[in-house]
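No value in this document is a laboratory result; all are computed from the given coordinates. The structure presented is a predicted model; accordingly, all values stated were derived computationally and were not measured. All Cβ positions, glycine included, derive from the backbone under ideal geometry; neighbour counts span all protein chains shown.
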Amino acid sequence: MLSRSIRRSILDSRIPTSALPPTFLPNRARYFNSTVQHVDAPAESLDASLLATNASTEALETVAPVRRTIRQKVPLPPAPFTQPIALDASVKEMLPLLAAQPSHYISAHIHAKPYLVTAGDTVRLPFHMPGVVPGDILRLNRASSLGSRDYTLKGTPYVDERVFECRARVMGTEAEPMRTKEKKKRRNRRINTVKSKHKFTILKIAEIKINSLEDIEGSGESV
Amino acid sequence: MVVQGIRKATVGQNGVGAFILQCKRLDFHYCDWAGSSKGMNSFLRNSLTKFAALNPQVEITVSPRPRRHPVIKGTYINGREKAICVRNLTKEQVLQKAELLRDANGEKLKKVTKPVKSINESVRGVWSPYHDGGIHV
């Protein structure tokens with residue numbers, strides 16, 4: 001569930017244009033094996049919905065029905081928030097003070113593992129993230145704590161994702177040197193050598209921003 | 001008085017503002033005659049134009065290398081080079097190797113044990129026993 005929420009929040013800046021054909025997405029276009037996607041039309045804009053329906057009918061004509069069952073490579077936009085955020089009075093008082101301090105840290109969770117990062121840090125994930133290419137921006141929306149020099153906002157267990165914006169850029173994929181392990185049983189000459197070489201996705205934390213109180217409280221009511 | 005250089009106020013960090021792909025050039029070497037180049041030649045005929053179009057920031061060159069195995073060479077911004085021999089690989093496997101070279105950063109492979117690397121100084125500072133009341137024994 002967590003991974004899905006991360007995948008959903010991938011490249012939120014791309015979401016408005018995701019209704020267009022894949023040629024309009026420079027980052028996504030570099031993903032070689034991208035297929036034509038069926039994306040639901042946003043209801044508010046007429047032009048975009050027209051474009052999207054055109055694209056979906058084209059997709060129906062060109063793509064075989066078998067291929068439509070393949071999992072989407074471009075994630076759906078996250079569901080809008082239905083409930084307004086309930087902030088404690090002390091949080092309302094302290095959050096502007098936290099935001100006013102010069103540097104911030106965040107304990108962002110990816111696959112339930114915490115990464116204590118500041119803006120500009122490099123994170124080597126312990127896995128190879130599928131479906132991303134270098135240059136993509138991920139929005140990390142799960143954090144257990146958020147702080148500056150004198151203030152820390154702790155989540156119970158997680159901080160509400162409307163409070164902050166943390167974006168990470170995919171820098172590429174790195175591998176480790178080949179590992180070899182010799183497997184030897186007693187009283188037997190045979191030695192089995194096992195080789196392994198894992199790949200890791202590298203992220204760079206591009207932005208940590210703490211939203212202002214008006215934005216936080218407005219986000220629940222407007223949608 | 002000692003001559004001093006202008007001190008840098010900030011350090012450039014790729015990816016924080018703009019993003020520059022580390023791979024700047026991919027060289028594809030093939031042989032018309034040898035059988036080990038079969039998949040490579042098929043890749044060059046069918047997939048290379050699409051791959052090149054999807055990666056406009058990478059310079060792509062194709063050159064023959066007669067009587068030798070096919071090779072993909074990646075040149076990186078840090079000046080290093082990575083070469084992968086793609087003998088007897090299929091078209092799809094050659095594409096995977098090309099994507100591997102595109103995603104790499106050109107550094108020598110290292111074992112990394114700590115997940116986060118930072119050049120920023122500590123946000124909360126070093127703890128001091130003389131501030132904030134201290135500890136009463």
Can you check what the Kirkwood hydrodynamic radius comes to for region A:128-223, Cα pairs only, in Å to one decimal? 17.4
Cα-based Rg (one decimal) and Dmax (whole number) for chain B, in Å? 23.8, 84
Within 10 Å of each residue's Cβ, count the other Cβ atoms and sort B:Phe28, B:Phe19 from fewest upward. B:Phe19, B:Phe28
Would you please give the FRET efficiency between A:Phe127 and A:Glu207, computed as 1/(1 + (r/R0)^6) with r the Cβ-Cβ distance and R0 = 25 Å, to the nearest 0.05? 0.65
Which pairs, out of A:Lys113/A:Lys154; A:Lys195/B:Lys73; A:Lys197/B:Lys97; B:Lys91/B:Lys111; A:Lys199/B:Lys38, put more than 20 Å between their alpha-carbon atoms? A:Lys195/B:Lys73; B:Lys91/B:Lys111; A:Lys199/B:Lys38
Quick one: what are the phi-derived ³J(HN,Hα) couplings along region A:195-202, Karplus 6.51/-1.76/1.60 with θ = phi - 60°, whole Hz, x for glycine and proline? 10, 8, 8, 9, 10, 9, 8, 9
Spin-label model distance (nm) - B:Thr49 vs A:Gln101, 7 Å beyond Cα toward Cβ: 5.8
To the nearest 20 debye, region B:6-62 has a Cα-centred charge dipole, built from +1 on Lys and Arg Cβ and -1 on Asp and Glu Cβ, of 240
Point-to-point label distance, A:Leu76-A:Glu182, nm (Cα→Cβ direction, 7 Å offset): 5.4
With r as the distance between the Cβ atoms of B:Asp32 and B:Lys73 and R0 = 22 Å, compute the FRET efficiency 1/(1 + (r/R0)^6) and round to 0.05. 0.70
